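First the structure, in the form of structure tokens, and then the observations on it.
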Amino acid sequence: KTEVEQVDYICSLLGTPTAATWPSLETMPLYGKVELPQGRESQLKSHFPTLKEHGMDLISRLLAFAPAARLSARDALNHPYFQEPPLARPNNLMPAPKDLKAPVSRTQANADKTSLLTGGARPTKPKV
């Protein structure tokens, strides 16, 4: 898609940016050179109808127009959304269609368990 089509799609999903949603919008180099669709409201709720309040807050803050308003990766991982049920499970415990579910080796299952316990950090062997 062209850049104009991409901007149109973004505005159709997130709504048209305004000075309230993106304070530095008017200082952007191409501001005024590209015509933004006017008056569009966010359609995130209709695209993600099953998300509860915390899920909608997380996705809205990750997709905020203003960089200063966006969540950092660390803040996103600490967002309350990840504390509400259903909680994350290791990949080998996630449901999958039988024909797609590959057998999980004991090594992989242990790695998944270790990853959950260590926050993704892999244990290292001490140097001798």
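The values are calculated or read from the model by the stated rules, or taken from the named source; none is laboratory data. Note that the coordinates shown come from a computational prediction; the quantities given were computed from them, not determined experimentally. Neighbour counts run over all protein chains shown; Cβ positions are idealised from the backbone, glycine included. Heavy atoms of the whole protein, side chains included, go into the accessibility calculation; ligands, DNA and RNA do not. Shrake-Rupley method; radii C 1.70, N 1.55, O 1.52, S 1.80 Å.
Computed values, structure above
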| quantity | calculated |
| --- | --- |
| Complete set of residues in the range 44-69 that are under 27 Å from Thr27 (Cβ atoms) and β-branched (Val, Ile, Thr) | Ile59 |
| Restricting the range 20-30 to residues that are over 15 Å from Ile10 (Cβ atoms) and open to solvent by 70 Å² or more (accessible area, probe 1.4 Å), the residue that is modelled with the lowest pLDDT | Pro29 |
| Some residue of the range 26-33 being in a loop (DSSP other than H, G, I, E, B), at positive phi and in contact with a Ser or Thr (Cβ under 7 Å, 6 or more places away or on another chain) | no |
| Restricting the range 40-99 to residues that are more than 25 Å from Leu14 (Cα to Cα) and part of a helix (DSSP H, G or I), the residue that is least open to solvent (accessible area, probe 1.4 Å) | Asn92 |
| All positions within the range 1-18 that are within 22 Å of Ala68 (Cα to Cα) and either at pLDDT below 85 or in contact with a helix residue (DSSP H, G or I) (Cβ under 6 Å, 6 or more places away or on another chain) (or both) | Pro17 |
